[in-house]
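Accompanying notes for the structure given below.
The values are calculated or read from the model by the stated rules, or taken from the named source; none is laboratory data. Given the structure is predicted, the values throughout are model-derived calculations rather than measurements. All Cβ positions, glycine included, derive from the backbone under ideal geometry; neighbour counts span all protein chains shown.
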Amino acid sequence: MFNSNLGNIDRIGRILLGAAMLILYTVIAPAPFSWLLLFGLVAMASGLLGTCPIYSRLNMSTNEAD
């Protein structure tokens, strides 16, 4: 479906960053910090899928297999 362009360290970092943002969103008042939800979901999704649309556009990759 998608070509993987994220290496393992990049994927783990995005998943952890996304999880931290989602936790912060639920702990603090959600209304003024709704951007945490959006960015957290995007970071988590790109980490879980192993692909980054920005990297694809720039022809970049952190995947060691490339």
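Brief remarks on what is shown
- Complete set of residues in the stretch 26-51 that are over 30 Å from Asn63 (Cα atoms) and of a type in the set (Phe, Trp, Tyr): Phe33
- Pairs with Cβ under 7 Å, 6+ apart, first in the stretch 4-24 and within 18 Å of Thr62 (Cα to Cα), second part of a loop (DSSP other than H, G, I, E, B) and charged (D, E, K, R): Gly7/Glu64
- Taken over the stretch 41-59, the criterion of being surrounded by 13 or more Cβ atoms within 10 Å (Cβ to Cβ) and assigned to a loop (DSSP other than H, G, I, E, B) is satisfied by Gly50, Thr51, Cys52.
- Filtered by the rule that a residue be under 16 Å from Asn3 (Cβ atoms) and in contact with a helix residue (DSSP H, G or I) (Cβ under 7 Å, 6 or more places away or on another chain), the stretch 19-59 gives Ser46, Gly47, Leu48, Gly50, Cys52.
- Top-ranked residue in the stretch 20-40 [being surrounded by fewer than 11 Cβ atoms within 10 Å (Cβ to Cβ), hydrophobic (A, V, I, L, M, F, W, C) and in a loop (DSSP other than H, G, I, E, B); ranked as modelled with the lowest pLDDT]: Ala29
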